[in-house]
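To start, the structure under review is shown below, and the notes come after it.
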Amino acid sequence: MTVTPKTNNHKPKRIGILTSGGDCPGLNAVIRAVVKVATFKYGWEVYGIPYGTDGFIELLLGKRQPEELRINEHGYDIPGLVQGLDILHFLSGSVLGSVSKGDPAQHADEILQGYEKLGLNALIVMGGDGSIEILEKLSRQANEQGSSWNWVAVPKTIDNDVPYTEVSVGFDTAVNRVTQALYDLTFTAASHDRVMVVQVMGRDSGYLAMESGIAGGADAILIPEVTPILDEQVMKGICRHIAKLRRYGRRFALIVVAEGVKNLLGKKEHYIGDYLANQIQEYSNKLCTTGDPDYCNLDKVDTRVTTLGHLQRAGTPTSTDRLLATAFGREAVELIANGNFNQMVIWQNGRVSSVPISHVIEQIEKARKEKVAPSRVDPQGFLVRTARDIGIYVGEVDLAS
Ligand code: F6P
């Protein structure tokens, strides 16, 4: 491809890009789009910061040299990493590496000095709620110290819990991964008349569990927004549902539980799927001997658990994620071109736009106080109604109509 960047007599603008927090498919597609728009349309230089803000510290300490980090229209120059730019469109993970532990605020000075050393005019950060909050703190500190930390954020997470954007990079691919897993599990569940419990990621948000559960044909979907605790009422509801399926001749069941759902005591369980399967076993044994016709056929309930884990963050990004990543990457560069900093790109009503990061932070802080996800499934909304109305057990919900 012939590159004809817009040229002028000034030094080209220099922007950085980094990924922060847990990875997800589509991050590399954002990088590709950013590099293409920044270099082809504007003639800027793009620098990939390795391992989130840690990369700035490594630069400062001389462990990496600025020229090593340059991403150009031919791809990535760091030896050993993927060469070529267009391949990035299809790869999951982050070629930049990412960090989801530690507190960068403790190394704020080094990070800011590394940023200055690279001579960046602006930084693009791909992150979820936690990373956006951390980077905002750094940005405030930089401004207090009189240095210019110009940044824009691109929301990414399989949890889909970033406020203001209807969807984040990586979510659609994860929905498809879980949907496929549910389909695959259906046949082994059916062959053995089993109750298959599937634990799905999402932190405190039920989006991934709810959307993939509906798409994947689940019989029950438990999410923190609707069934925050696996109390007796919920356990009886699930058992009643399994019994009902059996009355119709269905001897197996697929039950999706979001990892944010808590145990009977309201505590988080690392393996809430295992906990739920044990509870189903216990309750069904108990209930089938009560003589209650609702539960009388619950003999020999056999449960198995699948915890999908990080497979949910794997796989080539879907076309929807590639499109979103590309549109978000382009928008991030346009925001910088217009000097419109401290913004997060969002997808709303079928188009890309942006909101001030301060608005996003407000929502994140509010949610933290309330101990809920910053963006949540509406318990009265169309997803829950759709699930309920096609006969999926979602809990004892009281919907107006
Ligand atoms: O936020 C994304 C996510 O995959 C969550 O769904 C999950 O709880 C968490 O990250 C897992 O984090 P880690 O990769 O640190 O185990």
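Here, each number is a calculation from the coordinates, and none is a lab measurement. Nothing here was measured: the structure is a model prediction, and the numbers come from that model. Note: ideal-geometry Cβ built from the backbone for every residue, glycine included; neighbour counts use all protein chains shown.
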| field | Taking only Cα atoms of the chain, radius of gyration then Dmax in Å | value | 23.7, 87
| remark: Around ALA277 (Cβ within 12 Å, Cβ-to-Cβ, excluding ALA277; K/R +1, D/E -1) the net charge comes to -2
| message | Could you check the spin-label model distance between ASP86 and ARG140? Points 7 Å from the Cα along Cα→Cβ, value in nm. | response | 4.5 nm
| field | region 14-41 versus region 292-328: alpha-carbon centroid distance in Å | value | 28 Å
| message | For ARG194, ARG70, which order do you get if you count the other beta carbons within 10 Å of each Cβ and list the fewest first? | response | ARG70, ARG194
| task | Could you please state, rounded to a whole Å, how far the C-alpha centre of region 359-379 is from the C-alpha centre of region 155-227? | result | 20 Å
| message | Please compute one quarter of the surface area of the Cα convex hull for region 115-168 and express it in square nanometres. | response | 4.0 nm²
| message | Looking at the chain as a GNM with Cα springs under 10 Å, which of ALA105, ALA327, ALA174 has the largest mean-square fluctuation? | response | ALA105
| request: Choose one of VAL301, ALA209, ALA220: the residue whose Cα lies farthest towards the positive end of the charge dipole of region 174-313 (beta-carbon charges +1 Lys, Arg; -1 Asp, Glu; about the Cα centre). | output: VAL301
| query | Taking the Cβ of VAL162 as the center, what net charge do the other residues with Cβ under 9 Å away carry, scoring Lys and Arg +1 and Asp and Glu -1? | reply | -2
| message | Is the C-alpha gyration tensor of region 93-139 telling us rounded, prolate or oblate? Criteria: a/c under 1.5 is rounded; beyond that, a/b larger than b/c is prolate, otherwise oblate. | response | oblate
| field | Helical contribution to [θ] at 222 nm, DSSP H n ≥ 4, -39,500 (n - 2.57), averaged over the chain, rounded to 500 | value | -11500 deg cm²/dmol
| Assigned charges on the beta-carbon of Lys, Arg, Asp, Glu; the chain dipole about Cα centre (debye) | 520 debye
| remark: If unit charges are put on Cβ atoms (+1 for Lys and Arg, -1 for Asp and Glu) and the dipole of the chain is taken about its Cα centre, the option from PHE252, GLN343, PRO66 lying farthest towards the positive end turns out to be PHE252
| Quick one: in region 219-322, what % of C-alpha pairs are over 21 Å apart? | 40 percent
| task | Multiply the residue gap between ASN338 and LYS286 by 0.36 nm, knock off their C-alpha separation, and tell me the result in nm, one decimal place. | result | 12.2 nm
| query | What ranking do PHE187, PHE56, PHE40, PHE90 get, fewest neighbouring Cβ atoms within 10 angstrom at the top? | reply | PHE187, PHE90, PHE40, PHE56
| Tally Lys/Arg at +1 and Asp/Glu at -1 over every other residue whose Cβ is under 11 Å from the Cβ of ARG64; what's the total? | -2
| message | For ASP321, ASP86, which order do you get if you count the other beta carbons within 10 Å of each Cβ and list the fewest first? | response | ASP86, ASP321
| task | Work out the length of the dipole vector of region 174-313 about its Cα centre, built from +1 on the beta-carbon of each Lys and Arg and -1 on the beta-carbon of each Asp and Glu, and round it to the nearest 20 debye. | result | 180 debye
| message | Can you tally the lysine pairs in region 174-313 where the Cα-Cα distance is under 21 Å and the two residues are eight or more apart, or on different chains? | response | 9
| task | Starting from the Cα of SER147, step 7 Å along the direction of its Cβ; do the same at GLN348; then give the gap between the two resulting points in nm. | result | 3.3 nm
| message | Would any residue of region 361-401 have its amide N under 20 Å from a label point 7 Å out along Cα→Cβ of ASN263? List them or say none. | response | none
| Most mobile of PRO163, PRO293, PRO224 per a Gaussian network model of the chain (Cα springs, under 10 Å)? | PRO293
| request: Work out how far the C-alpha atoms of region 75-177 reach from end to end along every principal axis, then list the three figures in whole Å, largest first. | output: 45, 36, 24
| request: Starting from the amide H of MET344, placed 1.01 Å from N in the peptide plane, find each other amide H under 5 Å away whose residue is 5 or more places distant or on another chain. | output: ALA153, VAL355, ILE357
| message | So for each of 23-35, 364-376 I average, over its residues, the number of other beta carbons within 10 Å; can you give me the resulting order with the highest mean first? | response | 23-35, 364-376
| request: Take the alpha carbon gyration tensor of region 338-401, find the square roots of its eigenvalues, order them as a ≥ b ≥ c, and report rounded if a/c is under 1.5; if not, report prolate when a/b exceeds b/c, else oblate. | output: oblate
| Taking the chain as a Gaussian network, where each spring joins two C-alpha atoms under 10 Å apart, which residue of GLN113, GLN312, GLN145 fluctuates the most? | GLN145
| ASP299 to ARG368: FRET efficiency via 1/(1 + (r/R0)^6), r the Cβ-Cβ distance, R0 41 Å, to the nearest 0.05? | 0.35
| request: Only bridges with both residues in the chain count here: give the DSSP antiparallel percent, nearest 5. | output: 25 percent
| said: Test of understanding: extend the Cα→C-beta vector of THR386 to 7 Å, then name every residue of region 217-236 with backbone N under 12 Å from that spot. | reply: 217
